[in-house]
Amino acid sequence: MIRVHERVSVGDERDCSDAPESRAYVHACKSPCHQRAVGYRGSLSPAHPSYLVHRRGEHLYLNLIDPPGPLFKLESFSAFRGFAAEQWNAGRELVIHCNLGESRAPSLALLFMAKDLRVLPAETFESARSAFLPHYPQYRPGLGITKFLSTRWKEL
């Protein structure tokens with residue numbers, strides 16, 4: 001786990017754990033976290049109420065995969081931003097993790113730091129990305145999330 005800003009850390013699957021009261025966790029991966037939290041294997045019906053997002057206390061589980069084509073939904077990112085702001089305002093440390101800690105989790109951290117905390121440029125994804133890299137040099141966003149964030153940045 002690497003701290004990218006005061007009370008904001010990015011990690012990988014090894015950082016998937018129970019949160020002490022001082023921490024909140026964003027699990028930005030379908031497998032194994034979202035599947036385990038919601039209780040399914042394989043795929044979940046899009047009609048299921050927890051299809052995109054499942055919350056349990058200070059844990060937010062996002063049904064996110066990282067394909068080359070953008071399959072992301074704005075609702076997932078809105079839920080993340082609302083949860084992250086709530087946890088930040090409560091004084092909790094925010095731990096955001098995905099499977100490898102290279103694409104989804106750091107992209108969410110970058111989004112939160114740019115759009116909500118305003119500690120990174122928020123004009124474009126590219127400007128935020130350039131400013132974020134010194135905080136997290138291992139940032140390697142997949143093609144799908146890069147395209148999604150580049151084209152939908154203003155809506156986020």
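No value in this document is a laboratory result; all are computed from the given coordinates. As the structure is a computational prediction, the values presented were derived from the model and not from experiment. Quick reminder, even Gly has a Cβ in these numbers, built from the backbone with ideal geometry, and neighbours come from all protein chains shown.
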Next item on the list: May I have the convex hull volume per residue, in Å³, for the Cα set of region 1-43?
Entry: 73 Å³
Item checked: Calculated [θ] (222 nm, deg cm²/dmol) that DSSP helices of n ≥ 4 give over the chain, each run adding -39,500 (n - 2.57) -> -8500 deg cm²/dmol
Notebook entry, point to check: Total Lys pairs in the chain closer than 16 Å by alpha-carbon, pairs eight or more apart in sequence or interchain only?
Noted result: 4
Next item on the list: Principal axes first, then extents: for the Cα atoms of region 39-98, list largest minus smallest coordinate on each axis, whole Å, largest first.
Entry: 35, 26, 18
Next item on the list: Quick one, can you get me the convex hull of the C-alpha atoms of the chain expressed as volume per residue in Å³?
Entry: 102 Å³
Note to self: Report the Rg/Rh value for region 11-77, based on alpha-carbon coordinates and the Kirkwood definition of Rh.
What the structure shows: 0.96
Margin query: What does the charge count around H34 come to, taking other residues whose C-beta lies under 15 Å from its C-beta (Lys +1, Arg +1, Asp -1, Glu -1)?
Written below: +4
